[in-house]
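Working notes, beginning with the structure itself.
The values are calculated or read from the model by the stated rules, or taken from the named source; none is laboratory data. Predicted, not measured: the structure shown is a model, and the values here were computed from it. Every residue, glycine among them, receives a Cβ derived from its backbone with ideal geometry; neighbour counts consider all protein chains shown. What goes into the accessible areas is simple: the full protein's heavy atoms, side chains included, and nothing from ligands, DNA or RNA. Shrake-Rupley method; radii C 1.70, N 1.55, O 1.52, S 1.80 Å.
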Protein chains: 4
Amino acid sequence: MGPNSFGNSISITTFGESHGKALGVVIDGLNPGLRLDLTVVNRMMNRRRPGGNSLGTQRQEGDKIEILSGLYQGIITGTPLTIIVNNNNQKSGDYQKIEELYRPGHADYTYQQKYGIRDPRGGGRSSGRETLSRTAAGAVAMQYLNKKGITIEAGTVRIGKTAIDPTSTSYNWSKRIHNALYCPDEEATASMIETIEQCRRDGDSVGGIIECHIKNLPIGVGEPAFDKLEALLAHAMMSLGATKGFEIGEGFHAATMFGSSNNDQMRTDGFMSNHAGGILGGISNGEEVVFRVAFKPTPSISQKQKTVDQNGINNDLSIEGRHDPCIVPRAVVVVEAMAAIVTLDLLQIREARRPI
Amino acid sequence: MGPNSFGNSISITTFGESHGKALGVVIDGLNPGLRLDLTVVNRMMNRRRPGGNSLGTQRQEGDKIEILSGLYQGIITGTPLTIIVNNNNQKSGDYQKIEELYRPGHADYTYQQKYGIRDPRGGGRSSGRETLSRTAAGAVAMQYLNKKGITIEAGTVRIGKTAIDPTSTSYNWSKRIHNALYCPDEEATASMIETIEQCRRDGDSVGGIIECHIKNLPIGVGEPAFDKLEALLAHAMMSLGATKGFEIGEGFHAATMFGSSNNDQMRTDGFMSNHAGGILGGISNGEEVVFRVAFKPTPSISQKQKTVDQNGINNDLSIEGRHDPCIVPRAVVVVEAMAAIVTLDLLQIREARRPI
Amino acid sequence: MGPNSFGNSISITTFGESHGKALGVVIDGLNPGLRLDLTVVNRMMNRRRPGGNSLGTQRQEGDKIEILSGLYQGIITGTPLTIIVNNNNQKSGDYQKIEELYRPGHADYTYQQKYGIRDPRGGGRSSGRETLSRTAAGAVAMQYLNKKGITIEAGTVRIGKTAIDPTSTSYNWSKRIHNALYCPDEEATASMIETIEQCRRDGDSVGGIIECHIKNLPIGVGEPAFDKLEALLAHAMMSLGATKGFEIGEGFHAATMFGSSNNDQMRTDGFMSNHAGGILGGISNGEEVVFRVAFKPTPSISQKQKTVDQNGINNDLSIEGRHDPCIVPRAVVVVEAMAAIVTLDLLQIREARRPI
Amino acid sequence: MGPNSFGNSISITTFGESHGKALGVVIDGLNPGLRLDLTVVNRMMNRRRPGGNSLGTQRQEGDKIEILSGLYQGIITGTPLTIIVNNNNQKSGDYQKIEELYRPGHADYTYQQKYGIRDPRGGGRSSGRETLSRTAAGAVAMQYLNKKGITIEAGTVRIGKTAIDPTSTSYNWSKRIHNALYCPDEEATASMIETIEQCRRDGDSVGGIIECHIKNLPIGVGEPAFDKLEALLAHAMMSLGATKGFEIGEGFHAATMFGSSNNDQMRTDGFMSNHAGGILGGISNGEEVVFRVAFKPTPSISQKQKTVDQNGINNDLSIEGRHDPCIVPRAVVVVEAMAAIVTLDLLQIREARRPI
C-alpha cells in the first residue's frame, strides 16, 4: 500500500497539492447502504476552512466538494467514494519567492532533498491543505459512527502558555462547539485569543494542544499486537503535518504516577476511574477514549528568519501573505476526522474477526 | 496484513504467549548477504531480560534464541528469518488466581470481552514478554543500520517524579549504557533507584519516560503523507504494551512555544537548532532524530485492588509473585529495537522510490 | 488496503462508475523525476477506447484525461499522480431496462446481492470502463519501463475457433501493432474478423486469448513465496472483468509434457529454450516473460436470454445498444497496462531488497 | 506486508527451508473460539506427505506438527496460531553436487542471481516442502469453512496425455478421495499410473491438472475490483512452486465460445448452467466455484541434462535421489489448502463490509 493510503478494512487514499488542480480522497471499503448527508460533510469542511472566524487566516478557500464516484441516488454503494475539491482561487504568485528559499519549519528542504523536485506553490503536497482530504473522509466515517451512537468530539485545551482548567467553573465541554477556538473553557479562551492576536501583531505564531473524546465506543475495538487502538490513533495523529506529540489517558503524566493510583480499579458497575483513557492492551474497554495531540506553532511567520536557498546560499526570509498565527482551532475537526477513520476501520475489523 | 505484523518493505510478524510453548518473530524482506552477529542479538535480548540487575524482577527467564529459518552458514539469505524463544521455566501455578480475576491495568478484561477466550497464564498474548520477539527482530535490523553508520540509542530520562537534567554536570548521554537504569544522569539515577526501591517495599510500581536518539540518519527517510517517519515511530512505540505517550523533538512543549523560537533556522552549514527532532514534513532532515515515550507504572502491584471476576462478582486482588516495580529500564532496548525496525523499513523504501 | 487498490511499492487505486461523474486512478509511489509523455498516455487510452476500428462498438467515448495531482511542470513529483476521465456523453437512458433485469453473464445479480444497492447505469462499477483507469496507470508505468529498455507487448492470438499459428509465414509479432485486432498473424486475422462480424450479425459475441511478452526484463524480478512474478501477473490479469484463465510459458500445455522436454536446459550463453516463460521459482530468469490470458465472450448480446428481475420474476432480455461483439482487441492494451504496473512494482521492490 | 505473507483479514506468513531447522506458518486474524481438530490437520498433512502411496517419492518425511502459539486448551484464541514442523531426517549429503550446478527447471539460478546467496540444501526456500506450511494453515482454515457447511474438494483431472472424461461411466467425483491419484475417473487412473511409472523407469517426470470445487459458498464472496474471488484464487495458485496456469469455469475454453452459449441464463430457481464457475464480476454467485490449476512436470529428473555451474562453466547433471515423477497427486491437498485460505479471508471481509 502506498504512503498516501491509510487504513485496513476502510482505507483512504489522499492526493493533491495546495495549488494543483484539485485535492481529494478515495475512500474504499465503506459499508453500502448509508445515505450520505452532505450537510454534515460541508459543516466539517467549513470548520477546517480558514476564515471561519476572525482569528484564522483571511484566505477564503472555497473548498466546495464534488463527488466523483461511489454514490448512487444519494446512497453509498460500497464502491470507492471519491471526493475532490478543485483549487480555484489559489494565487501562486504569493509563493514565487519561496520556490528559491527553504522556509524554516516547513518541508521545502526535505522534499527537495528526497524527491529532487517539488511543487513549491503553497507548500505543494506538504501543505496543510492536504487535511482537507482527510476531513472529507472523516466526515463520511463520522456518519457511520453516529448511526451506531458513537460520537467523536475534540476541543482546544491549550494555546501557548494558556491551558484550560477542567476543574474551573468556566469549563464546559459541550459548549466548546460554539467557542471561537473550540475551547471548552470560556475563561481560558480570552487569554488564548489574546495570545493569538499578539502573535498576529508580532508576525509570530503559537502552538497548542487538542483533546479528543470518543464516546460510546463498544468494548473490543483495537487489534493487538500492532494495531492497538492507541497505536493507530497515534499513527493517524502523528501523520498530520504539524503534530509533535500524542498521548492517551494520563499520557506523559502517567510517567510520574504510581501503579496504585494509575490503575483503574473495577466494580461490577464499571471502572472506578479512567486513567487509561478507555484502552487496555490496545482494546477499548467501554470507557471514554481520551487522547491529546500537540501542535507546533505554524512555521509560516512574517518575522525575518535565517535560511538558505536552493543554490545553497545563506539568505533571510520574511514570509508574507495571510497566514494563521495558530493552526490549532482549525485542526480540531481534522483530529476528529482522523479519529473517525481509525474508529470505523477497527469497528469493521472487529466484525470480521468476531468469536464464532 | 494481520495485526501481529508491522512494517512495509521489512515486516515483522510476532507470535507467542507468555506461558505458551514459544514466542518468536518472522522477519521478512531483509537484504541478503549480512553475516548475523548473534552476540549482538543476545546482548540486546539480555538487556530486555528481567533480572539484568538488582532493580528488576527476580525471575530468570532463559530467553535463549533459536533460529528456525533464513540463515545459511551464518549469512542472512533474504528469505524469512525466524527466531523463537522456547518457554521452559514458566510457573503457571503463580497465575491460577488471575484466571478468574481481572487484574486492574491489565488487558485481562478486554481480551476476555473481545475474544471470548484467552490464555490467562502470565497475561498470555498481552504479556510484556511479547516484546522479546520485537527485541530479537530489532537486534537484526540494528546490524543493518550500524553497517551504514546509523546508531540508535535510548535512555531513561524520567522515573516517577525524578527527571534528568541535561544541563547538569552529572549528565552524560554516552555513559547511560553502563547505568543500571540506562539513565544518562548519574545524579538523577540515585533518586530514581530510591523511587523504585520504595515502590518495591510498598508493593507499588512507578512509570517513566524513555528518550531515543537516531544518529547519522541520512536525509530523505520517511514517506508522506501517512508513513511519515514520526507517524511510524509513534505507531511502533504506542503498540508497546505500557506506553501512554509519544513525542518528537520539542513534543508537547512545542504547544507552548512561538514559531519564532520553535522554527529551526538554517545556514549553509546546517540547521541552527533541532526543535523539530530531526524531521520536517515527515522526512528526516539530517539532524538527530529525538523522540520520547511515556510508560505507565507496571499494573502488577501487590497492594490490594478492587476488581471483578469473570462471573461478574466484585472481589479484591493482591498480585503476588515477582514483578517489576518499574518496567522502564528493561523497555529501553525495546524502544531501540522498534526504532530500528521502522528506520530500516523506511531506508529500504527510500531505495525503491529514488528519483530517476 | 482496500480492494480497489493494487500493488505494493507502486500502488494504484481505481475508482468510478461507468456513468458516474468520472473514473480515475491514483498512482502512488512513483519514482520522482520522470517527464510524463502525455502522448504515450493518450495513445494507450485510444487503443482501449471503443470505436478505434470498425470492429468495435460504435460508442464514441471521449476519454479525455485530466491530471489532478502529482505533476509539476510536466515532471512526476513522487506524490500521488491522479488521473481522471470525466463521463460526459453517457446515455443512461439506454440502461433503464437493466435496472430491473439481471443481465446474464454480468455482475448485476452478484452486486445487488452483495451490496444491496448498485449503480446500474452501464454496469456501474463492474463496467469494462473501469479498465480505463488501469490503462492510464499502466501508461505511466510503461514510461518508466521503457526508459530501462523494458518493453511490454501484447497481441490477440485467438478469437473463437481461430488461433494464430506462430510457425506460419503469415506470422509476424512486430506487425501486430498495425493490425485491426492486434493479431500477429495476418492470415488468421481475416478469419477472426469474419467471426466477429458474424457475431455482430447474429447478435452474439465471442471470446479470445491475448498473449503478452515482457522483453528485456532483468534477472531477479519477483518475490517468493507469495509475490512471485507469475502470481502477481495472474492476480492482475484475473482481476480484469472478463478474464477466465491465465497461463505462463507452456501453461496448461505443460501439464501434458515430460520433464525432459519441459525443463529449460542451460549453457553458458543462456537457456536453450523458454518453456518456463521467463520465470523460475517466481523470479525472472532473464528470458522473455510470456503469458496468455483467456477472455470470455462479451456477455452483452442482443439475442433473447432468460433471466430474472430484481423482484424475482422470470423474464426475457434482449440487450440493445451498441456493444462489442468481441472485447479482446480492446483488452490488448489493458493487459499491457496491468503487466506494466506489476513489473514496475516488482522492479522497485528489487531495489529495496538488494543484497548488501 | 512481506512477500512471504498472504491474505488480508486472515493472513498467513510461511517460513523455512527444505533442510533448515524447521518450516512453519503463522496464521493471523482467526476468529477465536474454534476447537482445533488436529486429526484434520494431520490428515491433510499426510495427504501432502511423500510416500503416501507407491507412486510418490520414497522419502519418509515425518512432518509432525508442533503448535507454538495461539491455542489454549485446544481452542483457537484469535492470537497468532503458529505451526511448525521440525526437519529431522533430511540428508543434506544428497544435495552436495547441486550446490555447484544449477538444476534445470529449478530456482537455483534465479535465487543465486537475485539474492547472491541461497541455502542449496534440498532447494532451500524454493523447495516444494514450503507447501507444508500452506497445508497446515489451510487445514485450520478448512475447519472454519466446514463449520459453515462449505467444503473444498480437489482432484486430479489430467496426468500428461491422459485426461479424465466427466461423461464417462467411470467418473465419480466423490470417489476420488479413495483414489491413489485423487482422480475422479477410475478408468483414466490406470493410464495415469502407467504414465507415472513409465516416467520413473525413464528417469523422467510428467505434469498434470488439478480441478477444485468450492461447494456451498454463499453469494457475495469476493471484493472487486482487485480482490475478486478468482483473482485471489489465481494469485494463491500461481504462487505455488510448479504451477503454470489457472482457469475458472470454462477457462481457456471460454475463449472459443460464443456469448449465447457461455452466458449462464437465470430462472427464479437459479442459474441454468455454470460456465462462469460460480463467479460473476469477481463475486460468488451461489453456484459451485470450479477452477483448474496446471502443474508442470517435476523438474528433478535423473536423465542427463545440460546446465552450468556457479562459476559459469558448462556441465551435465543427472539428479539422483528419490524424486517424485509426478507431483500432482500430492499437490491436490495443497490446492485445497490455498483455496480454503482465500475463501475464509474473503468470508471474513464480507462480514466487515456488510450493508448497513
Chain-alone versus full-assembly comparison, the range B:231-250, residues with accessible loss of at least 30 Å² (1.4 Å probe):
B:Ala231, B:His235, B:Met238, B:Ser239, B:Lys244, B:Phe246, B:Ile248
Which is farthest toward the positive dipole end of the range D:110-183 among D:Ile177, D:Gly128, D:Pro166, measuring Cα position about the Cα centre, with Cβ charges +1 (Lys, Arg) and -1 (Asp, Glu)?
D:Gly128
Contact-by-burial set, the range D:312-356, min loss 10 Å², accessible area of protein heavy atoms with 1.4 Å probe, reference chain alone, gives D:Gly312, D:Asn314, D:Gln348, D:Glu351, D:Ala352, D:Arg353, D:Arg354, D:Pro355, D:Ile356
Calc'd 3J(HN,Hα), the range A:189-197, phi into Karplus 6.51 cos²θ - 1.76 cosθ + 1.60 (θ = phi - 60°), Hz, glycine/Pro = x, comes to 4, 4, 5, 4, 4, 4, 4, 5, 5
Carbon-plus-sulfur fraction of the accessible area of the range B:149-216, 1.4 Å probe, in percent?
50 percent
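Only bridges with both residues in chain B count here: give the DSSP antiparallel percent, nearest 5.
Details: 53 of 53 bridges.
Counting DSSP beta bridges with both partners in chain B, the antiparallel share is about 100 percent.
Dipole size in debye (nearest 20) for the protein assembly as shown around its Cα centre, Lys and Arg Cβ +1, Asp and Glu Cβ -1? Don't skip to the end; give the middle numbers.
Working: 152 positive and 152 negative charges, 1 e Å.
With Lys and Arg at +1 and Asp and Glu at -1, about 0 debye.
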On a 0 to 90° scale, report how tilted helix C:38-48 is relative to the longest principal axis of chain C, with both axes built from alpha carbons and the result rounded to the nearest 10.
60 degrees
For a test of the definition: using alpha carbon positions, the gyration tensor, and the 1.5 limit on a/c, classify chain C as rounded, prolate or oblate.
oblate
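So what's the back-of-envelope 222 nm ellipticity for the protein assembly as shown, counting only DSSP H runs of four-plus at -39500 (n - 2.57) apiece and dividing by all residues, rounded to 500? Display every interim value, and only then the final one.
Values: 28 runs with 368 residues, N = 1424.
When only DSSP H runs of four or more count, the value is -8000 deg cm²/dmol.
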Return the residues of the range A:254-275 for which accessible area with all protein chains present is lower than in the chain on its own by 30 Å² or more; set the probe to 1.4 Å and exclude ligands, DNA and RNA.
A:Ala254, A:Ala255, A:Thr256, A:Phe258, A:Gly259, A:Ser260, A:Asn262, A:Asn263, A:Gln265, A:Met266, A:Arg267, A:Thr268
Need one value for A:299-309: mean number of C-beta atoms belonging to other chains within 10 Å of its residues' C-beta atoms.
4
Roughly speaking, what is the centre-to-centre gap between the range A:70-90 and the range C:2-27 when only Cα atoms are used, to the nearest Å?
13 Å
Connecting C-alpha atoms closer than 10 Å in a GNM of chain B, tell me which of B:Ala107, B:Ala190, B:Ala339 has the biggest fluctuation.
B:Ala190
Looking at A:Gly222, A:His323, A:Gln303, which one has the Cα that reaches farthest to the positive end of the dipole of the range A:217-356 (charges on Cβ: Lys, Arg +1; Asp, Glu -1)?
A:Gln303
Hey, how many Å between the Cα centroid of the range C:188-249 and the Cα centroid of the range D:128-151?
30 Å
Within a Gaussian network of chain B (alpha carbon springs, distance under 10 Å), most fluctuating of B:Pro120, B:Pro184, B:Pro104:
B:Pro104
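In the range B:227-274, what percent of the accessible surface is made up of carbon and sulfur (1.4 Å probe, ligands and nucleic acids excluded)?
Working: 610 of 1190 Å².
Looking at the range B:227-274 in its full context, I get 52 percent from C and S.
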Quote the charge dipole size of the range C:144-204 about the Cα centre in Debye, to the nearest 20; the model charges only the Cβ of Lys and Arg (+1) and of Asp and Glu (-1).
400 debye
Over chain C, average the accessible area per residue using a 1.4 Å probe and give it in Å², no decimals.
31 Å²
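If you take the accessible area of C alone plus D alone and subtract the pair, what total do you get in square angstrom, rounded to 100, with a 1.4 Å probe?
8000 Å²
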